[in-house]
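Below is one structure, written out as structure tokens, with a few remarks after it.
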Amino acid sequence: MRRSAVILCTAAFSVAALPLKSQFYFYNNRYYENPLGFELGGSAGVMNSLTDLGGKKGIGKNFIKDLNWKNAKPSFSVYALAMYKYAVGVRVEGTFGKVQGADSSLKSVAASTFGRYERNLNFKSKITDVQLALEIHPLFFREYDENEAPYFSPYLVAGVGYFSFDPQAEINGQLYSLQPLRTEGQGFAEYRGRIPYKLSQINFPAGIGVRYEVNSFLNARIEIVHRILQTDYLDDVSKDYIDPALFNSYLPSNQAAIAQQLFDRQSELNGGHTTQVGSQRGNPKNNDAYFTIQVKLGITLGRLRR
């Protein structure tokens, strides 16, 4: 009877332990965790943009070839991440920063810029960005024995985001929002194809990073994420110059006066300059973009002691 009781008790404990083996796995010789882990964290770094304004010498070029690092501004974010066995994760992140650009930055190379310096436009804008992204860690697509998993994990990140912006320019120490001024005739009957752009839009983040496991509860990352935009108006510049007389027909008098000063600032450098209606103001062939480079710190949740 005692032997049967022992056998039954042993079998009962074995059956009871089965769900634990399928639900948890050992992280190291001190901790175990659920295959689905969670992480909360924040980051700090810089934000920069690629737009029609500013850049480097020569004619405007695509992507980072025309990037001016002097325009980088501080950014920060907070995020929540759900990760399955450190291989695939889904995260929600809010990022906050600023972008800016100015043709005046081209002064030292003005002779090579084909009129970009003389255009003399500038902008700055606050950015609020919320994204839902997928993280993929290729090194963790295989199983590791206890204490053998790599401390460093390169990864890819991609997803969809929603961001807000508000390009502004300054006159006599006063900042003015450019979108309501319709500087390129957006919404004017004379320019039917130019629709006023929205200040909140969808973007598509994509980037790379490296995660380092500091200890059992703390992760550090460095990450570069580029935002692909569906607009060329992050800087309020895209097409050509319009007839400034039209501002009086579509805007209140006070706004029309400001628009006439901000849509074309070439005369500030050359008082005798006359801008031809229809001459190039921006390049509509390439949409604008912005990106962040950030260092992240995250706290792992749910890891338990043995």
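The values are calculated or read from the model by the stated rules, or taken from the named source; none is laboratory data. No experiment lies behind these values; they were computed from the predicted model shown. Every residue, glycine among them, receives a Cβ derived from its backbone with ideal geometry; neighbour counts consider all protein chains shown.
If you go through the range 82-92 one residue at a time, do you hit one that is more than 30 Å from Ile299 (Cβ to Cβ), among the hydrophobic types (A, V, I, L, M, F, W, C) and touching a Leu at 6+ places or on another chain (Cβ under 8 Å)?
no
Of all residues in the range 35-56, those that are of a type in the set (D, E, K, R), touching a residue at least 60 places away in the same chain (Cβ under 8 Å) and more than 25 Å from Val295 (Cα to Cα) total 1. Given Ser108, Ser77, which one is hydroxyl-bearing (Ser, Thr, Tyr) and either at pLDDT 95 or above or part of a strand (DSSP E or B) (or both)? Result: Ser77 is the single residue among Ser108, Ser77 that is hydroxyl-bearing (Ser, Thr, Tyr) and either at pLDDT 95 or above or part of a strand (DSSP E or B) (or both). Hey, any hits in the range 196-212 for a residue that's surrounded by fewer than 16 Cβ atoms within 10 Å (Cβ to Cβ), modelled with pLDDT under 95 and among the aromatic types (Phe, Trp, Tyr)? No: zero hits. Restricting the search to strands (runs of 3 or more DSSP E) fully inside the range 152-220 and requiring at least 2 residues that are hydrophobic (A, V, I, L, M, F, W, C) gives 152-164, 168-171, 200-213. Inclusion of Glu213 among residues that are free of Cβ contacts under 8 Å to residues at least 60 places away in the same chain and out of contact with any helix residue (DSSP H, G or I) (no Cβ under 6 Å at 6 or more places or on another chain) is not warranted.
Among the residues in the range 249-262, are any assigned to a loop (DSSP other than H, G, I, E, B), buried (at least 17 other Cβ atoms within 10 Å of the Cβ), more than 31 Å from the chain's Cα centre (by Cα) and modelled with pLDDT of 95 or more? Among the residues of the range 249-262, at least one is assigned to a loop (DSSP other than H, G, I, E, B), buried (at least 17 other Cβ atoms within 10 Å of the Cβ), more than 31 Å from the chain's Cα centre (by Cα) and modelled with pLDDT of 95 or more, which makes the answer yes.
Per-residue answers, yes or no, for (1) of a type in the set (D, E, K, R); (2) more than 24 Å from Asn172 (Cα to Cα):
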residue: Thr231; (1), (2): no, yes
residue: Asp235; (1), (2): yes, no
residue: Asp240; (1), (2): yes, yes
residue: Tyr250; (1), (2): no, yes
residue: His273; (1), (2): no, no
residue: Val277; (1), (2): no, yes
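Residue check: Thr183 meets all listed conditions (1) crowded, with 16+ Cβ neighbours inside 10 Å; (2) farther than 23 Å from Ser253 by Cβ; (3) of a type in the set (Val, Ile, Thr) but one, namely (2). Close Cβ contacts (under 7 Å, 6 or more residues apart or on different chains) running from residues in the range 125-144 that are farther than 28 Å from Ser75 by Cα to residues that are crowded, with 19+ Cβ neighbours inside 10 Å and among the hydroxyl-bearing types (Ser, Thr, Tyr) comprise Leu139/Ser153; Phe140/Tyr86; Phe140/Ser153. Look at (1) touching a residue at least 12 places away in the same chain (Cβ under 8 Å); (2) in contact with an Asp or Glu (Cβ under 9 Å, 6 or more places away or on another chain) and you find that Gln255 fails only one, number (2).
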